[in-house]
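Please treat every number below as a calculation from the coordinates, not as lab data. In this text, all values refer to a predicted model and were calculated from it rather than measured experimentally. Quick reminder, even Gly has a Cβ in these numbers, built from the backbone with ideal geometry, and neighbours come from all protein chains shown.
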Amino acid sequence: MKNKDKLEKVKQKNIEVGIVTYRFDTSKPEDCEQYSDLKKQLRERGLELFDFIAGCSSSLDKEKRVKTGIYHVETDHIFSNQYNTEEGFRVFDWSEKIYPNSSIKDGYYITNSENFKKLKELVHKTFACGYCGKQSLEFGDGFCHKCVGSEYLKIENYALLKLRPVDYKESRDQEKPKRSKDQTA
Ligand SMILES: [Zn+2]
C-alpha cells in the first residue's frame, strides 16, 4: 500500500490517544526533580509546550479541565499541535497553565504511542492552503486549486496558495511571489 493510502486509512476514523495530567509544586525538592525529568522527556519527544495564563477569560480557560484518560482525535481538519476530540475537548501535545505562583506546574501531555506517531505523520503529510485553509493529502502541482483563478486574489497573494504541511513553521508572509523578482530583474 502506498504511503498516501495508508494515511487515508488512518484518517478514516478518529485516532485514540492518551492524556496524562500532572501537577507539581516546584518549591518542594522532590516535585522540582520530577518536573524537570518530565520536561526533559517531553522535549526529547519533540513536543512544544503551549502555556497560557490561568484565569484569563479566554475560551481555553472556560473549557472543562482536561483529565487523564483516553481521547479520540478528530481527523477531518487537523492542526499542528492541538486537536479537536470526540470528547469535546481541544487537547494540545503539551499544555500548562501559568499561575501567579510560578512554582505551581499544572498541565498535561499526550502519551507516546503508535497512534500518536500516526497522528504526527498525518499532520506532517497533510497539506494546507494558506488562504482558504483547505487540507489535502494530495500535493498535485503544489497549489490550492480551490483558490487558483479566484477573482478575489491578486498575483501577490499567490504565495499563500502554495500547499504547505500543516506543521509548516515558517511565516508564509515572508515568501515573496516570483513575479516581483522578475519585475526587478
Ligand atoms: Zn485555497
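Under a model in which nothing but the beta-carbon of Lys, Arg (+1) and Asp, Glu (-1) is charged, the chain shows a dipole of about 540 debye around its Cα centre.
Full extension of the segment from residue 169 to residue 101, taken as 0.36 nm per residue of separation minus the current Cα-Cα distance, would add 21.3 nm.
Mean projected area of the Cα convex hull of the chain, taken over all directions, amounts to 14.5 nm². Counting neighbouring beta carbons within 10 Å and listing from fewest to most, the residues 148, 10 come out as 148, 10.
Summing charges over neighbours of residue 94, with a neighbour being any other residue whose Cβ is under 10 Å away from its Cβ, gives -1 when K and R count +1 and D and E count -1.
Given contacts defined as C-alpha pairs under 8 Å and at least six residues apart, what's the relative contact order of the chain, whole-number percent?
Numbers: 263 pairs, mean separation 41.8, N = 185.
Relative CO of the chain lands at 23 percent.
Amide H contacts of residue 168 (H built 1.01 Å from N, in plane; Pro and chain starts excluded): no residue 5 or more places away or on another chain comes under 5 Å. Longest span of the chain, sites excluded, free of trypsin sites (Lys or Arg not before Pro) in DSSP loop with at most 13 other C-beta atoms within 10 Å? Between the exposed loop sites, the longest stretch runs 68-153.
Taking only DSSP H segments of four or more residues, each worth -39500 (n - 2.57), what value at 222 nm results for the chain once the sum is divided by all its residues, to the nearest 500 deg cm²/dmol? Please report the intermediate quantities before stating the final value.
Numbers: 5 runs with 49 residues, N = 185.
-7500 deg cm²/dmol, from helical runs alone.
Each listed q (0.25 Å⁻¹) maps to a log10 I(q)/I(0) for region 79-178 from the Debye sum over equal C-alpha point scatterers, namely -1.29. Annotation for residue 16 and residue 30: the two label points, set 7 Å from Cα along the Cα-Cβ direction, are 3.4 nm apart. The string of couplings for region 149-158 from the Karplus curve (6.51, -1.76, 1.60, θ = phi - 60°) is x, 5, 5, 7, 9, 9, 4, 6, 7, 5 Hz, one whole number per residue in order, with x for Gly and Pro.
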